[in-house]
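Worksheet: one structure, shown below.
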Amino acid sequence: MLRDETHLPPALLTGVLRELTAARKHRTDSERLVESLTPREREVLRCMVAGLGRKAVAERLFLSPHTVRTHMQNVLGKLGVHSTLAAVALARRAGVGPAEPVLAGDVVERGGQPA
C-alpha cells in the first residue's frame, strides 16, 4: 500500500522527467534574457506583465510616453520577441511578477498592447 506517494511506471517517469528538464532549461534561458535587461527595462517589463499600456507606464514611472516606447522596444529586442504578449509570456516563464497592483486610475488596454 502506498501512503501519500504516487507510483509512476518507469516508461512514464522518463517522459515526465524529460518534460521537467526541458521546462527548467526553457525557464533558465528566459531568466538569463530577463537578467540582461537594465533595472529600468525590468521595471517597464513588470508593468507590461501587469497589463499596463504605454501611457499608464509613463505615468507610473514618471517618464514620457516616448521614453517608455523606447524602453519597450529595447525590452522586446533584448528578449528576442516581436510582441508585448510574447515578452509577457517569456517574463512569466522567468518568474517575473507584475508591478504593484493596478489602481483604478491606471489605463489597462485590451491584450496588454501599448497605447
Exercise. Name the residues in the stretch 32-58 that are of a type in the set (Asp, Glu) and modelled with pLDDT under 95, would you?
Worked result: Glu35
For this session: Quick one: in the stretch 46-77, of everything that is over 13 Å from the mean Cα position of the chain (by Cα) and of a type in the set (Lys, Arg), which residue is nearest to Leu33 (Cα to Cα)?
Result: Arg69
Exercise. Going by the conditions given, is Gly111 modelled with pLDDT of 95 or more, of a type in the set (Gly, Ala, Ser), surrounded by fewer than 17 Cβ atoms within 10 Å (Cβ to Cβ) and within 17 Å of the chain's Cα centre (by Cα)?
Worked result: no
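The values are calculated or read from the model by the stated rules, or taken from the named source; none is laboratory data. Owing to the predicted nature of the structure, the values given are computational and were not obtained by experimental measurement. A quick note on method: Cβ atoms are made from the backbone with ideal geometry, for glycine too, and the neighbour counts reach across all protein chains shown.
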